[in-house]
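Single-structure report; data block below.
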Amino acid sequence: MKCQRCPKQATFHITEVMGEEKFFDLHLCEECAQKHLADPEASVKKVADKPAAAVEDLSDLGNRHCEACGIKFVEFRNTGRLGCPHDYDSFKDELLPLLDNIHGDTKHVGKTPRRLPKVKASQTELANLRRQLQVAVTKEAYEEAAQLRDKIKRLEESE
């Protein structure tokens, strides 16, 4: 996760308790954390100086929950586990920056085995050659069929 004040890696995770049911999470690098700990009032003032709607959003975030499973965002932040697939939609605005910080992207692309593309390509080529062979035999083009048969044998031997 990245520091919220600079592009460095966050190593300190600080939760400021603003009052009952009100909290503010800070994810800071070591330098920014030292500055924050030297003058914590400045960070609290920054939050207090925000418009009332933004402060309400912080308290509202703690009370928001998924309609399907009932998990609150606070529970997710504490446990690190979502309750159901619908949580991704319910907490989308909060999860996208989090996923981007952790994984470097918000879209999962997965991995494929290194050998798979070769194998899959040869399988596809074999299937095409067999179809062409069948068409050549049907047309009674025996010379073409013999060439296709030889190509098929070479591919099967190379596997």
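Describe numerically, in nm with one decimal, the distance between label points set 7 Å from Cα along Cα→Cβ at Phe24 and at Leu96.
2.4 nm
Under 5 Å between amide hydrogens, which residues at least 5 positions from Thr11 or on another chain qualify, with H placed 1.01 Å from N in the peptide plane?
Leu28, Cys29, Glu30
Please identify every one of the trypsin sites (Lys or Arg not before Pro) in the range 119-159 that sits in a loop by DSSP and has no more than 14 other beta carbons within 10 Å of its own beta carbon. All intermediate terms of the calculation are to be shown ahead of the outcome.
Numbers: sites: Lys120, Arg130, Arg131, Lys139, Arg149, Lys151, Lys153, Arg154; in loops: Lys139.
Loop-located and lightly packed - Lys139.
How far, in nm, would the chain grow between His13 and Val137 when pulled straight, counting 0.36 nm per residue and subtracting the alpha carbon separation? Mind showing how you got there, number by number?
Values: separation 124, 0.36 × 124 = 44.64 nm, distance 7.15 nm.
Extending this stretch completely gives an extra 37.5 nm.
HN-Hα J couplings of the range 150-155 from phi, Karplus 6.51/-1.76/1.60, θ = phi - 60°, integer Hz, Gly and Pro as x?
My calculation for the range 150-155 gives 5, 4, 4, 4, 4, 5 Hz in order.
What does the C-alpha gyration tensor say about the overall shape of the range 116-158? Classify as rounded when a/c is under 1.5, otherwise prolate if a/b is larger than b/c, or oblate.
Values: a/c = 4.68, a/b = 2.03, b/c = 2.31.
Here the range 116-158 falls in the oblate category.
Pick out, in residue order, every one of the GluC sites (Glu not before Pro) in the range 74-157 that is DSSP loop and has at most 11 other C-beta atoms within 10 Å; say none if there are none. List each step's numbers first, then the result.
Details: sites: Glu75, Glu94, Glu125, Glu140, Glu143, Glu144, Glu156, Glu157; in loops: Glu140.
Here the GluC sites (Glu not before Pro) that fit, given the DSSP loop and packing criteria, are Glu140.
List the GluC sites (Glu not before Pro) in the range 1-32 that DSSP assigns to loop (not H, G, I, E or B) and whose Cβ has at most 15 other Cβ atoms within 10 Å. Which are they? Present the calculation step by step, with values, prior to reporting the outcome.
Details: sites: Glu16, Glu20, Glu21, Glu30, Glu31; in loops: Glu20, Glu21.
Here the sparse-neighbourhood loop sites are Glu20, Glu21.
In the structure shown, do any of Lys8/Lys120; Lys2/Lys72; Lys107/Lys153; Lys2/Lys120 have a Cα-Cα gap over 32 Å, and if so which?
On the way: Lys8/Lys120 42 Å; Lys2/Lys72 24 Å; Lys107/Lys153 42 Å; Lys2/Lys120 39 Å.
Too far apart for the 32 Å limit: Lys8/Lys120; Lys107/Lys153; Lys2/Lys120.
What residues qualify as long-range amide H neighbours of Met18, i.e. H under 5 Å apart, gap of 5 or more or another chain, H built at 1.01 Å from N?
Phe23, Phe24
So, in nm, how far is label Glu156 from label Asp105 when the simple model puts each one 7 Å beyond its Cα toward the Cβ?
Using points 7 Å along Cα→Cβ, the separation is 3.9 nm.
Readers should treat all values here as calculations from the given coordinates under stated rules, not as data from a laboratory. Fair warning: this is a prediction, and the values are worked out from it, not measured in the lab. Virtual Cβ from ideal backbone geometry, glycine too; neighbours counted across all protein chains shown.
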